[in-house]
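Chemist: What follows is a single structure, and I will ask about it in a moment.
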């Protein structure tokens with residue numbers, strides 16, 4: 001078990017996200033998560049809010065950037081819950097149906113405005129990082145959640161996101 005998670009807001013939360021604990025057992029994973037997150041942020045910031053709602057990131061079902069950001073954010077929030085359970089000694093393992101959870105998360109975020117998806121992803125990440133940083137030891141279960149919600153998950157989506165952002169930007173008419 002780790003230490004109790006202190007939830008921060010505002011500048012304190014930002015400082016925590018930017019300054020993970022020195023010598024943390026997941027230091028390399030923390031840096032990989034940060035790199036993937038900021039690549040995704042850099043791509044999304046090239047778009048207008050309207051472009052973030054344009055279907056085409058995926059087809060069948062149609063996903064927009066809002067949907068992939070909401071998807072990533074809900075998995076970050078789920079990882080935070082699981083890390084909290086590890087810290088509290090109530091964790092029961094990751095024997096979950098990923099496809100079923102994906103469906104639940106997609107339904108929960110369906111039709112939300114871009115601002116809600118963006119804030120949810122940022123909030124989910126901040127809370128996940130707080131809980132992750134509070135873990136006292138590297139375990140196989142924690143590593144599974146780190147991979148599922150962090151850098152490995154971003155890596156699954158970044159190639160298509162790069163393509164889709166390039167396509168959306170190219171559609172703009174010159175002023």
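Laboratory data are not the source of any read-out in this text; all were calculated from the coordinates shown. All of these numbers come straight from a predicted model, not from anything done at the bench. All Cβ positions, even for glycine, are placed from backbone atoms using ideal geometry, and neighbour counts span all protein chains on display.
Chemist: Take peptides 154-166, 120-132 and line them up by average Cβ neighbours within 10 Å, highest first, as a rough protection proxy. The partial results should precede the final answer.
Modeler: Numbers: 154-166: 15.4, 120-132: 21.8.
Answer by packing, highest mean first, reads 120-132, 154-166.
Chemist: Quick check: residue separation of residue 141 and residue 94 times 0.36 nm, minus the Cα distance between them. What number comes out in nm?
Modeler: Details: separation 47, 0.36 × 47 = 16.92 nm, distance 0.72 nm.
The span from residue 141 to residue 94 would gain 16.2 nm if fully extended.
Chemist: Can you give the direction-averaged projected area of the convex hull of the alpha-carbon atoms in region 92-175, in nm²?
Modeler: Details: hull surface 31.4 nm².
With the hull built on Cα positions only, its mean projection is 7.9 nm².
Chemist: Now for a different question. Return the calculated 222 nm mean residue ellipticity for the chain, to the nearest 500 deg cm²/dmol, obtained by summing -39500 (n - 2.57) across DSSP H runs with n ≥ 4 and dividing by the residue count.
Modeler: Numbers: 7 runs with 114 residues, N = 175.
So the calculated ellipticity at 222 nm is -21500 deg cm²/dmol.
Chemist: Let me ask something additional. Compute the acute angle (0 to 90°) between the alpha-carbon long axis of helix 151-170 and the principal axis of greatest extent of the alpha-carbon atoms of the chain; round to the nearest 10°.
Modeler: Between helix and principal axis, roughly 20 degrees.
Chemist: Continuing with this model, one more query. So, by mean Cβ neighbours within 10 angstrom, what's the order for 52-58, 63-69 with the highest one leading? Present the calculation step by step, with values, prior to reporting the outcome.
Modeler: Working: 52-58: 16.9, 63-69: 23.3.
Result, highest mean first: 63-69, 52-58.
Chemist: Would you mind putting 102-111, 32-41 in packing order, based on average other-beta-carbon counts within 10 Å, highest first? Could you put the intermediate results ahead of the total?
Modeler: Working: 102-111: 12.7, 32-41: 17.4.
My ranking of the peptides, most packed first, is 32-41, 102-111.
Chemist: Moving on to the next point. Rounded to a whole number of µm²/s, how large is the Stokes-Einstein D of region 64-134 at 25 °C and 0.890 mPa s, given Rh as the Kirkwood radius over C-alpha pairs? Intermediate values should be presented prior to the final figure.
Modeler: Values: Rh = 12.6 Å.
Result for D is 195 µm²/s.
Chemist: If I model a spin label as a point 7 Å beyond the Cα along the Cα-Cβ vector, how far apart are those points for residue 103 and residue 11 in nm?
Modeler: Spacing of the two 7 Å Cα→Cβ label points: 4.8 nm.
Chemist: To the nearest 10 degrees, how steeply does helix 65-88 sit against the main Cα axis of the chain, on a 0 to 90 scale?
Modeler: The answer is roughly 0 degrees.
Chemist: If you line up the long axis of helix 114-134 against the longest principal axis of the chain, both from Cα atoms, how many degrees apart are they, to the nearest 10?
Modeler: Helix 114-134 sits roughly 20 degrees off the main axis of the chain.
Chemist: Just to be sure I understand the model, the point goes 7 Å from the Cα along the line to the Cβ. What's the resulting residue 48 to residue 116 distance in nm?
Modeler: Going by the 7 Å Cα→Cβ label model, 2.3 nm.
Chemist: Tell me the volume per residue, in Å³, of the convex hull enclosing the alpha carbons of the chain. Working shown, then result.
Modeler: Numbers: hull volume 21.3 nm³, N = 175.
Here the figure is 122 Å³ per residue.
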